[in-house]
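A.B. asks: Encoded as structure tokens, here's the structure I'll be asking about.
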């Protein structure tokens, strides 16, 4: 009989076993990078060496980058955390009626495919420089992708499952919450993951074009000053932030969607 | 009974069209009744008039953006698929690369545009590369997932027939992974269009993005809106195109 | 002559955490042109045995002979291609039509030409699937897919058929029907068949010899010769000899199952 601590130990050893290839790859890449920069005398403006990136970025972090990073994270959070529940709610409502599904699906598809960057210049003129307004395009984009995926999850319930629910005499309410919703969770989480990517894309895009704060702005600003190590550092910070966001979604998924591999 | 079915089907087709008409109508209504200034917003009727009138100017710029999107997309998607096939062929590579693919997906590739500009200047290559960089990670990830999900059953079938590695690759692996590849391609269209316009706005002087920025700045919002409608149309058509190709290739499954 | 021989075959699976002794000292003789069944509880390794014969996996120790040719590290293609493998789940490729699925082994091995195409038509006829030949798997029922899987195994006119619980998922009536059809085909084509099943009646109905296996580790408990004449039909089910074999084998398995329950 496996005790809880044994299972835990197994999980840790599995994690360690799976971690070393990517770590090895990382080490190799950094070593290669440093090597190329050193031997070919690549100017730091073109491609800075990794150690330079780390040094410069940490130097400027507290004084300058932190405020940009916080501004970006704030908007991502507002846009994402409002878009996701709205999207799920909207999909839940629409899925109740076949007519509604047919009527609104094309509209949602259009909203998802709309390239957000196209409307940003006009939007900028409307709202001015208050950075909180940046959250609205993010909200709309996240909400649309979450709605699309969630709706697809609700619609694609196997007939078998519905028959089962009917066999047990489930009410409409029960049918939705106990059968349809759990079945749609994998697709819902797919929507959440895509939402992460879209929200970061939109926020950074907006920051590039308007305003004086945010990681997107920082990249542009420091590029202008030719402080390339910091630029690379910013890009990495954005990447790491996104990866953490993604990780949170993945962990939640593991907790709630316990039946897939 | 037959009549009820006909009405139901007609309603099914009419419903979305009705929704679109209502949305545009509402838009028009609000602009008119709230007396929104024409330099801030353009109502649909005005936008369409402007679109028709200025088509000869709007179209060439749109064409440039379309060119960026298409070339960048094809490069990105092809690279994504090829790299995915390479990296999944070896267990070590697969494990080593996977975490970084997510990293690439999550980092918006338009953030690379200032770097690209430093290396390549202001030309169209920067935009194409930005589009390619945006399209490839999601495609790579989807393809990798597709390859990994080929069931052991199928490999056993090939083993029982003593099929060669090449036969297994072309006759089982690729057809099995195809649905996932198309999922990636569909999502990549969205990244491609947004990145194209984004890259143009950041680096640019040509294409739809700068045109929108320019006309908005000079209070000619109706032309900006015209561009928005055109881009919307193109994005949707692009998405539908990939969907259509998918239906064709995957028919009957 | 014995078509297939396994001698003291052992199969040990090693993972990082545990070692599983799947098969222990398996010795099997399959006479030419006969039907031999292997029965046993789930997980006793029956499927592993035919995968070893088809060289999908390699034994940890022991020898495998086909037509008195001993398996080396690299088993010759021609040997493997004498065999047709029929899977537990139909395992058809969803992007091919039924006909294309059945033709698939021919395409892999390189059997081209009119006679091979006509053979596929014949097989479709035998399996009563001619009408659905140009449909894709998604449009067909489980029974049809199962039948198609069996036909696919026969597409290359193999001398040896390895059938891994082919009718397991079907209802009894259909299963009996397919058993008789298999016997019919066997009478015409005279293949050597190894038939894996957990249904004792099916095993006794079909075969001239039944190997009874047990689990943990998988080993042969007994070799039971079925002394009943061919051709067989459903009337044989009431034959007292048949019932005797059925009871004996069932009790062999039954006893062991009970002791395995913790």
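The values are calculated or read from the model by the stated rules, or taken from the named source; none is laboratory data. The structure presented is a predicted model; accordingly, all values stated were derived computationally and were not measured. All Cβ positions, glycine included, derive from the backbone under ideal geometry; neighbour counts span all protein chains shown.
A.B. asks: Answer yes or no as to whether residue B:168 is surrounded by fewer than 21 Cβ atoms within 10 Å (Cβ to Cβ), more than 14 Å from chain A (Cβ to nearest Cβ) and out of contact with any strand residue (DSSP E or B) (no Cβ under 8 Å at 6 or more places or on another chain). Can you show your working first?
C.D. replies: Working: surrounded by fewer than 21 Cβ atoms within 10 Å (Cβ to Cβ): yes; more than 14 Å from chain A (Cβ to nearest Cβ): yes; out of contact with any strand residue (DSSP E or B) (no Cβ under 8 Å at 6 or more places or on another chain): yes.
So residue B:168 fits the description; yes.
A.B. asks: When both residues are 6+ apart or on different chains and their Cβ atoms are under 7 Å apart, which pairs have a first residue that lies in segment A:142-165 and is surrounded by 15 or more Cβ atoms within 10 Å (Cβ to Cβ), and a second that is not in a helix (DSSP H, G or I)?
C.D. replies: A:151/A:95; A:154/A:95; A:155/A:95
A.B. asks: Only one residue in B:11, B:30, B:24, B:51 is assigned to a helix (DSSP H, G or I), in the same structural domain as residue B:217 (by TED's automatic domain parsing) and out of contact with any strand residue (DSSP E or B) (no Cβ under 7 Å at 6 or more places or on another chain), so which one is that?
C.D. replies: Of B:11, B:30, B:24, B:51, the one residue that is assigned to a helix (DSSP H, G or I), in the same structural domain as residue B:217 (by TED's automatic domain parsing) and out of contact with any strand residue (DSSP E or B) (no Cβ under 7 Å at 6 or more places or on another chain) is B:51.
A.B. asks: Then there's this: Pick out the one residue from B:207, B:184, B:198, B:146 that is at positive phi and either in the same structural domain as residue B:228 (by TED's automatic domain parsing) or out of contact with any helix residue (DSSP H, G or I) (no Cβ under 6 Å at 6 or more places or on another chain) (or both).
C.D. replies: Checking each option against the conditions leaves just B:207.
A.B. asks: Can you tell me which of (1) more than 14 Å from chain B (Cβ to nearest Cβ); (2) at pLDDT below 85 is the one residue A:139 doesn't meet?
C.D. replies: That leaves (2) as the condition not met.
A.B. asks: Could you tell me whether residue B:245 is part of a helix (DSSP H, G or I), under 22 Å from the mean Cα position of the chain (by Cα) and under 18 Å from residue B:70 (Cα atoms)? Steps first, please.
C.D. replies: Values: part of a helix (DSSP H, G or I): yes; under 22 Å from the mean Cα position of the chain (by Cα): yes; under 18 Å from residue B:70 (Cα atoms): yes.
So residue B:245 fits the description; yes.
A.B. asks: Can you tell me which residues in segment C:123-156 are more than 21 Å from the chain's Cα centre (by Cα) and either closer than 19 Å to residue C:87 by Cα or surrounded by 13 or more Cβ atoms within 10 Å (Cβ to Cβ) (or both)?
C.D. replies: C:129, C:130, C:132, C:133, C:135, C:136, C:137, C:138, C:140, C:141
A.B. asks: Tally time: how many residues in segment C:119-130 are part of a helix (DSSP H, G or I) and either touching a residue at least 12 places away in the same chain (Cβ under 8 Å) or in contact with a helix residue (DSSP H, G or I) (Cβ under 9 Å, 6 or more places away or on another chain) (or both)? Show your work before the answer.
C.D. replies: In the first step, residues of segment C:119-130 are kept if they are part of a helix (DSSP H, G or I); the result is C:119-126, C:130.
Still in the list and also either touching a residue at least 12 places away in the same chain (Cβ under 8 Å) or in contact with a helix residue (DSSP H, G or I) (Cβ under 9 Å, 6 or more places away or on another chain) (or both): C:119-121, C:123-124, C:126, C:130.
Here the count works out to 7.
A.B. asks: Quick check on this structure: which one of A:76, A:131 is farther than 24 Å from residue B:231 by Cα, surrounded by 18 or more Cβ atoms within 10 Å (Cβ to Cβ) and away from chain B (no Cβ under 14 Å)?
C.D. replies: Result: A:131 is the single residue among A:76, A:131 that is farther than 24 Å from residue B:231 by Cα, surrounded by 18 or more Cβ atoms within 10 Å (Cβ to Cβ) and away from chain B (no Cβ under 14 Å).
A.B. asks: (1) crowded, with 18+ Cβ neighbours inside 10 Å; (2) farther than 29 Å from residue B:185 by Cβ; (3) in contact with a helix residue (DSSP H, G or I) (Cβ under 6 Å, 6 or more places away or on another chain): which one isn't true of residue A:139, the others all being true?
C.D. replies: (2)
A.B. asks: Oh, and also: Would you confirm whether or not segment A:165-188 contains a residue that is within 14 Å of another protein chain (Cβ to nearest Cβ), within 22 Å of residue A:243 (Cα to Cα), in contact with a helix residue (DSSP H, G or I) (Cβ under 8 Å, 6 or more places away or on another chain) and assigned to a helix (DSSP H, G or I)?
C.D. replies: Checking segment A:165-188: at least one residue is within 14 Å of another protein chain (Cβ to nearest Cβ), within 22 Å of residue A:243 (Cα to Cα), in contact with a helix residue (DSSP H, G or I) (Cβ under 8 Å, 6 or more places away or on another chain) and assigned to a helix (DSSP H, G or I).
A.B. asks: If you go through segment A:147-162 one residue at a time, do you hit one that is facing chain B (nearest Cβ under 10 Å), in a helix (DSSP H, G or I) and under 22 Å from residue B:188 (Cβ atoms)?
C.D. replies: no
A.B. asks: Starting from residues that are within 16 Å of the chain's Cα centre (by Cα) and without any contact (Cβ under 8 Å) to a residue 40 or more places away in the chain, keep the ones in segment B:64-91 and report whichever is farthest from residue B:215 (Cα to Cα).
C.D. replies: If we take residues in segment B:64-91 being within 16 Å of the chain's Cα centre (by Cα) and without any contact (Cβ under 8 Å) to a residue 40 or more places away in the chain, then B:78 is farthest from residue B:215 (Cα to Cα).
A.B. asks: Given the structure, is residue B:152 closer than 30 Å to residue C:163 by Cα, within 14 Å of chain C (Cβ to nearest Cβ) and under 22 Å from the mean Cα position of the chain (by Cα)?
C.D. replies: no
A.B. asks: Just checking, which of B:81, B:69, B:58 is in contact with a helix residue (DSSP H, G or I) (Cβ under 9 Å, 6 or more places away or on another chain) and modelled with pLDDT under 95? Full working, then the answer.
C.D. replies: On the way: B:81 fails: modelled with pLDDT under 95; B:69 fails: modelled with pLDDT under 95.
It is B:58.
A.B. asks: Right, here's the next one. So, in segment C:53-89, exactly how many residues are closer than 22 Å to residue C:21 by Cα, within 14 Å of another protein chain (Cβ to nearest Cβ) and either free of Cβ contacts under 8 Å to residues at least 40 places away in the same chain or crowded, with 18+ Cβ neighbours inside 10 Å (or both)?
C.D. replies: Matching residues across segment C:53-89 total 6.
A.B. asks: Got at least one residue in segment A:98-121 being more than 14 Å from chain B (Cβ to nearest Cβ) and either surrounded by fewer than 20 Cβ atoms within 10 Å (Cβ to Cβ) or over 23 Å from residue A:73 (Cα atoms) (or both)?
C.D. replies: Step one: of segment A:98-121, the residues more than 14 Å from chain B (Cβ to nearest Cβ) are none.
No, that holds for no residue.
A.B. asks: Taking residue C:93 as meeting all but one of (1) closer than 19 Å to residue B:251 by Cα; (2) in contact with a helix residue (DSSP H, G or I) (Cβ under 7 Å, 6 or more places away or on another chain); (3) assigned to a helix (DSSP H, G or I), write down the number of the exception.
C.D. replies: (3)
A.B. asks: Okay, moving on. Pairs, please: C-beta under 7 Å, at least 6 apart or cross-chain, first residue within 14 Å of chain C (Cβ to nearest Cβ) and in segment B:230-253, second in a helix (DSSP H, G or I) and loosely packed, with under 13 Cβ neighbours inside 10 Å?
C.D. replies: Going by the 7 Å Cβ cut-off, the qualifying pairs are B:252/C:138; B:253/C:138.
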